[in-house]
Amino acid sequence: MQAVPYDHIDIEERWQKTWEQHALFQNMATTNQPGDDWLYLLFAFAYPSGQGLHVGHVESKTALDILARFNRMRGKKVFFPVGWDAFGLPAENYAVKTGVHPVETTRNAINTFRRQIKRIGISYDWEAEVATSHPGYYKWTQWLFLEFYKKGLAYQGNGMVNWCPSCQTVLANEQVVNGACERCDSEVTQKNMKQWFFKITEYKDELISGLDQVDWPEPTKQQQLNWIGKSEGASILFPLHSGDKQIGELEVYTTAHDTIFGCTFMVIAPEHELLARHKSAISNWEAVSRYIEKASSKTDLQRQTNKEKSGIEVVGISLRNPFTQESVPLFVADYVLANYGTGAIMAVPAHDERDREFATAHKLPIRSVVEGNPDFISYSKIKAQRSAFKLTSSGKYSGLDFEVGRRDMLQDAKLQGFGKKSTQYKLRDWLISRQRYWGAPIPIVYDPEGKPHPVKEEHLPWTLPTDVDFKPTGESPLTSSKAFKARVEKLYGKGWRPEYDTMDTFVDSSWYYLRYGSARDESQFADPTKLKEMLPVDFYMIGPEHIVLHLLYSRFFTKFLRDQGYLKFDEPFTKMRHQGMILGPDGKKMSKSKGNVINPDEIIEKFGADTLRIYEMFMGPIESDKPWDVSAVAGMYRFLQRMHAAILSQVGEQATNAHPEQQVVRRKLHQTITKVTADIPALKFNTALAALMECLNQFERSSRSSSVVLPKEEVVAWVQLLAPFAPFLAEELYQKIQNSPSQFISLHQSDWPQADPKLAAEEQFEIPIQVDGKVRARVQIAADKLLDEAFVIERAQADPVVQRWILGSKPTARYISGKILSFSTQV
RNA sequence: GCCUCGGUGGCGGAAUUGGUAUACGCGUCAGACUUAAAAUCUGAUGGUCCUAGACCUUGUGGGUUCGAGUCCCACCCGAGGCACCA
């Protein structure tokens, strides 16, 4: 067949314009009717970087767009909004470097993105667009802060916080990766500062249990659980002695209280308050305080990487093992963390690797409590099967297995009042203050005494001043704004000052999916009716890098707002999947420095947006990482070219009478309808496209021997199957088939085709015949005989090849109806 | 160290509940068209044995089964996350 060239540039520009003129997918939220069957599809809104759209954006956007178009054609009311996570460091850093104001950079970047997204045919509802840096949006971010504040869930805390010396700002725990800043990789230091926190720990248990309600990838749930880090153990009180006199007690948290008879020393973190409190009883205080000093100057990373565990004995005070009354020495060491558990541990060097390293380095006794293990066995091994290990050197508990001993010891400790069950979490409250400019100002003002007060609601949005020196100095840039200070004094009185910090941008993104439905509503953060009708989000497509940040924070916001009566659901994202990463042709992560970046604009120029879309969908499963294959893109272009030629060959033709080849094509087409209809909701876009290719292959093969012309409604159906994947070409072909220039009705408004099972049914089936587990032959069976076991067996036995393999035996036959026939010659 | 996900042709990948392994695409080879090349079209394409036919093949080794890419056990390799969390 001679390919009629298809002009992707003309087609794509034309239909993009037409769809926009007809506002095809717009205004969904404002034109809905009560009782509409909503499907809320959410794309993780992106930071509008100056680089513009990259191929990774195209992948997830296209996947969602396919779902949107498919479901609209299936009669669903689809809500598919778009927005911008527009506050953030890059625009600010750029401003520091060039002096161009972030407002301008951001506006330009958004315009670029908009143009590019429209070009690839994403059917967003642009009427619901939001940008977090817009006062109309951050007014409500601030309002939400005040809601948290009113309920005591936004509070000012004093303490050690993570500080990035390069970004010149504090960071949340979630933004520290391996002791380094997740943005710039600088080593994070600790700094004592007064900062604002959100009390996410209030919801720690529900953040765990809520995961049972959602359809998320299991590994993602695991990772969140890991981050929350619930651990169940016991808290034990050790009496603290100075000489023979008890002067207090030390509480430790342990998950291995059953090894307490093996405790040969105690360790507390350098920050532990006990040290300062009992300073006078410590005879080597000078040395101890020197150690504390040294430890506090180290970063977390430095503490972790120092293998030979440092520490110093605290002389003058000691502890008593509450079970044995034995005196145990106390050490300060920085391998014990101040902010986990009680900041103090009982060290059992025979069953804990870290304690053992410390004991070895400081020549401390090691005492095993596990029978038959005089040297070392880690508690994690014991924990795996407690009943398999027996206690020894453990007083009256010796001889019991750990299961029983553990229970008895805790019971006795409880009875005597020095121990109880205890649960610990790794999750910390969320630090939201940032000493940066380009974010939403924290709506707090301070009176002349320095006491914080909420900004009055009528003063929202609490706008970001513009007369600001961006240069990071460690002080918040807003400090340099005269207008900001003047505003506060004017509104609140002389001597009052604003809070100069802005909010972490993750605060902005924790609630944007609630805003979309009420994007232009100036009276409330979200219209309750919209929330009720459209939320929760039905399907969320988001990169795996957001698991412990955005997804956890959003769940926290949702639960809080539910408790305030604004929401009626517990979890914001019912179903969620991650897109994989698109790698460079070399199989490595795309980066400018490696020179392996694929620019989507170039692909669009050369092959068109439809080709770009279907190539990315065809690369492999949406959730896995896939390398770019430059020549495979051309293969997708060929497919569209051939598709174009095939459909054009049908336009204006009369369907041929039931020619056998026509029957073959029609059968294939109806099978393809079934396959594509099942694959799209399962997100198997690669196999759906493979099916479309097979269908075209069949058509071309059949067309070679005789001219095949399909009934018009089947040609339409064929184009409809292509519509979600290659919307431009499909529209072009559809309009050619319809040939009704007077009125425009889009293909994307038409009803999804239905397969006719009669037409899809095969007449003949090939049944493989196995002999002793190996396929030896295949026999053709007519459809009406397929379930007739005796007939199939008889057929198979008549086959000469089968005969040869079962010769001289009495095989037992097993027929798996319609699938396979298996002979076994073994007795 | 702990948690999780993977390992199928030269490459990306496909394979309902265990039931024809390698669909579809790329690449490669051959042919048609062309003065020639590109583009396009046609055919072949997991490996071994000269061919027929057979044997081998889903990271490795075992097991269950009439039948295993799929289930079970042990191990090897790769990716991601967490990590002095007591």
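The values are calculated or read from the model by the stated rules, or taken from the named source; none is laboratory data. Just so it is clear, the structure is predicted and the values come from calculations on it, not from any experiment. Cβ sites come from the backbone with ideal geometry, for glycine too, and all protein chains shown count toward neighbours. These accessible areas exclude ligands, DNA and RNA; they are computed on the full protein's heavy atoms, side chains included. Shrake-Rupley method; radii C 1.70, N 1.55, O 1.52, S 1.80 Å.
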- What dipole magnitude, in Debye to the nearest 20, does the range A:669-827 give about its Cα centre under +1 on Lys/Arg Cβ and -1 on Asp/Glu Cβ? 640
- Note on the structure: Given the candidates A:PRO711, A:TRP752, A:SER817, the one whose Cα lies deepest towards the positive end of the charge dipole of the range A:698-823, counting +1 at each Lys or Arg C-beta and -1 at each Asp or Glu C-beta, is A:SER817
- Task: Order A:LEU415, A:LEU821, most accessible first, counting only protein heavy atoms with a 1.4 angstrom probe.
- Result: A:LEU415, A:LEU821
- How long are the three semi-axes of the equivalent ellipsoid for the range A:180-268, computed from the Cα gyration tensor as the root of 5 times each eigenvalue, in whole Å, largest first? 35, 22, 15
- Message: Could you work out the relative contact order of the range A:113-181? I mean the mean sequence separation of Cα pairs under 8 Å and 6+ apart, divided by the number of residues, in percent.
- Response: 12
- Message: I'd like to check one number: the per residue accessible area of the range A:500-636, probe 1.4 Å, reported in Å² as a whole number.
- Response: 36
- How are the Cα pair distances of the range A:201-333 distributed, in percent, across 10 Å bins from 0? 10, 31, 28, 20, 9, 2
- By a straight-distance test (C-alpha under 26 Å), which lysines pair with A:LYS471 as possible cross-link partners, with residues fewer than eight away in the same chain excluded? A:LYS97, A:LYS139, A:LYS191, A:LYS194, A:LYS482, A:LYS485
- Taking protein heavy atoms only, a 1.4 Å probe, and rounding to whole percent, the accessible area of the range A:733-827 owed to carbon and sulfur comes out at 49
- What dipole magnitude, in Debye to the nearest 20, does chain A give about its Cα centre under +1 on Lys/Arg Cβ and -1 on Asp/Glu Cβ? 760
- Message: Under the rule a/c < 1.5 gives rounded, and otherwise a/b versus b/c splits prolate from oblate, where does the range A:350-425 land using the Cα gyration tensor?
- Response: prolate
- Any idea what % of Cα-Cα pairs in the range A:69-194 are farther than 18 Å? 71
- Are there chymotrypsin sites (Phe, Trp or Tyr not before Pro) in the range A:291-378 that DSSP puts in a loop and that have at most 14 other Cβ atoms within 10 Å, and which ones? A:PHE376
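One quarter of the convex hull surface, Cα atoms only: what value does that give for the range A:614-771 in nm²?
The directionally averaged projection comes out at 12.1 nm².
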- Average Cα contact separation per residue, the range A:679-749, under 8 Å, 6 or more apart, as relative contact order %: 21
- Query: Could you state the number of Å between the C-alpha centres of the range A:417-467 and the range A:248-316?
  - Reply: 32
- Message: Only four residue types carry charge here, +1 at the Cβ of Lys and Arg and -1 at the Cβ of Asp and Glu. Report the dipole size of the range A:1-145 about the Cα centre in Debye, rounded to the nearest 20.
- Response: 60
- Putting +1 on Lys and Arg Cβ atoms and -1 on Asp and Glu Cβ atoms, find which of A:MET617, A:SER702, A:GLY635 reaches farthest to the positive end of the dipole of the range A:566-709. A:SER702
- Query: In chain A, if every C-alpha pair distance is counted and binned at 10 Å from zero, what percent goes to each bin?
  - Reply: 2, 10, 16, 17, 16, 14, 11, 7, 4, 1, 0
- Carbon plus sulfur fraction of accessible area for the range A:555-705, probe 1.4 Å, in percent: 51
- Query: Tell me, how many Å apart are the Cα centres for the range A:110-132 and for the range A:749-827?
  - Reply: 53
- Mind jotting down the three principal axis lengths of the range A:702-827 based on Cα atoms? Whole angstrom, largest first. 76, 28, 23
- Query: So which GluC sites (Glu not before Pro) in the range A:622-693 end up in coil per DSSP with only 16 or fewer other C-beta atoms within 10 Å?
  - Reply: A:GLU623, A:GLU653
- Scattering curve values for the range A:362-517, log₁₀ I(q)/I(0), Debye with Cα scatterers, q = 0.10, 0.17 Å⁻¹: -0.63, -1.05
- Mean separation of Cα contacts under 8 Å (6+ apart) over length of chain A, as relative contact order %: 14
- Global geometry of the range A:582-631, whether rounded, prolate or oblate, following the gyration tensor of its Cα atoms and the 1.5 cut on a/c: oblate
- Listed here are the pairs A:LYS150/A:LYS456; A:LYS309/A:LYS363; A:LYS530/A:LYS559; A:LYS150/A:LYS230; which of them are more than 23 Å apart at the Cα? A:LYS150/A:LYS230
- Treating cross-link reach as a plain straight distance, find the aspartates and glutamates whose alpha-carbon is under 13 Å from the alpha-carbon of A:LYS594, omitting any fewer than eight places away in the same chain. A:ASP586
- When the charge dipole of chain A is computed with +1 on Lys and Arg Cβ and -1 on Asp and Glu Cβ about the Cα centre, the Cα farthest towards its positive end, among A:LEU683, A:TYR340, A:LEU583, belongs to A:TYR340
- Item | Between helix A:8-21 and chain A: long-axis angle, C-alpha atoms, 0 to 90°, nearest 10 | 70
- Item | Residue-averaged [θ]222 nm for chain A, counting only DSSP H segments that reach four residues, each worth -39500 (n - 2.57) | -11500 deg cm²/dmol
- Message: Can you compute the radius of gyration and Dmax for the range A:719-774, using only the Cα atoms, both in Å?
- Response: 19.6, 67
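Using a ≥ b ≥ c from the Cα gyration tensor of the range A:557-656 (square roots of the eigenvalues), is it rounded, prolate or oblate, where a/c under 1.5 gives rounded and otherwise the larger of a/b and b/c decides, a/b for prolate?
Taking the square roots of the gyration eigenvalues as a ≥ b ≥ c, the range A:557-656 is oblate.
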- So which GluC sites (Glu not before Pro) in the range A:513-578 pass both tests, a DSSP loop state and at most 10 other Cβ atoms within 10 Å of the Cβ? A:GLU522
